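Here's the structure we're looking at; comments come further down.
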Amino acid sequence: GFRRTTNNRMEVLACIVGLETLKPETDVVVISDSKYAVNAMTKGWAKKWRAKNWTRTPTEPAKNADLWKRMLEVSDERKVTFRWVKGHAGTEENERCDVLAVAAANGQDLQEDTGFAEESKPLSLF
């Protein structure tokens, strides 16, 4: 958990950290209730953002680019399939992950999410 962040960032980070624990060339299925994380990978959004220099449109930067860079790197080194499951629907592993995520978010002495802090800075007009 982090002091100041978003659920989207934490869901993507969870996928990254899980993948980073596996050896390169590993076949793995990432199961997540995060449509943001799963769709960005299965629908090619993250690769499009990277190809457009981390922008969504000419005037809009892609959100969480720091994490998507990491996700693409770690995914490229492994044989990853992403699969979405509905959250809070009784899937045992998903329910356990939710319990762990809530506990982490409510933890003491949380670190700062420097990527979120950097992204949240107001843009200078000058």
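Some observations on this one:
- When residue 5 is tested against the conditions (1) in a helix (DSSP H, G or I); (2) surrounded by 12 or more Cβ atoms within 10 Å (Cβ to Cβ); (3) among the β-branched types (Val, Ile, Thr), the lone failure is (1).
- Residue list for region 61-118, filter: under 21 Å from residue 46 (Cβ atoms), part of a helix (DSSP H, G or I) and open to solvent by 80 Å² or more (accessible area, probe 1.4 Å): 69, 70, 73, 76, 114, 118
- Within region 36-46, the set of residues being surrounded by fewer than 15 Cβ atoms within 10 Å (Cβ to Cβ) and not hydroxyl-bearing (Ser, Thr, Tyr) comprises 39, 43, 44.
Each row is one residue, and each column tells you yes or no for (1) under 10 Å from the mean Cα position of the chain (by Cα); (2) of a type in the set (D, E, K, R).
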residue: 5; (1), (2): no, no
residue: 12; (1), (2): yes, no
residue: 18; (1), (2): no, no
residue: 29; (1), (2): no, no
residue: 37; (1), (2): yes, no
residue: 43; (1), (2): no, yes
residue: 50; (1), (2): no, yes
residue: 59; (1), (2): no, no
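- Number of positions in region 21-40 that are in a helix (DSSP H, G or I) and either modelled with pLDDT under 95 or not small (Gly, Ala, Ser) (or both): 4
- Meets criteria (at positive phi and either small (Gly, Ala, Ser) or free of Cβ contacts under 8 Å to residues at least 24 places away in the same chain (or both)) for residue 54: yes
- Entry remark, region 1-13: residues being basic (Lys, Arg) and closer than 14 Å to residue 71 by Cβ number 1 in total.
- Condition check for residue 56: exposed (fewer than 15 other Cβ atoms within 10 Å of the Cβ) and within 25 Å of residue 4 (Cβ to Cβ): yes
- Conditions (1) in contact with a helix residue (DSSP H, G or I) (Cβ under 7 Å, 6 or more places away or on another chain); (2) assigned to a helix (DSSP H, G or I); number of the one not met by residue 18: (1)
- In region 14-34, the residues that are open to solvent by 30 Å² or more (accessible area, probe 1.4 Å), free of Cβ contacts under 8 Å to residues at least 60 places away in the same chain and closer than 17 Å to residue 65 by Cα: 17
The values are calculated or read from the model by the stated rules, or taken from the named source; none is laboratory data. Just so we're clear, the structure is a prediction, and the values are computed from it rather than from any experiment. Cβ atoms come from the backbone with ideal geometry, glycine included; neighbour counts cover every protein chain shown. Accessible surface is based on the protein model in full, side chains and every heavy atom, while ligands, DNA and RNA are left aside. Shrake-Rupley method; radii C 1.70, N 1.55, O 1.52, S 1.80 Å.
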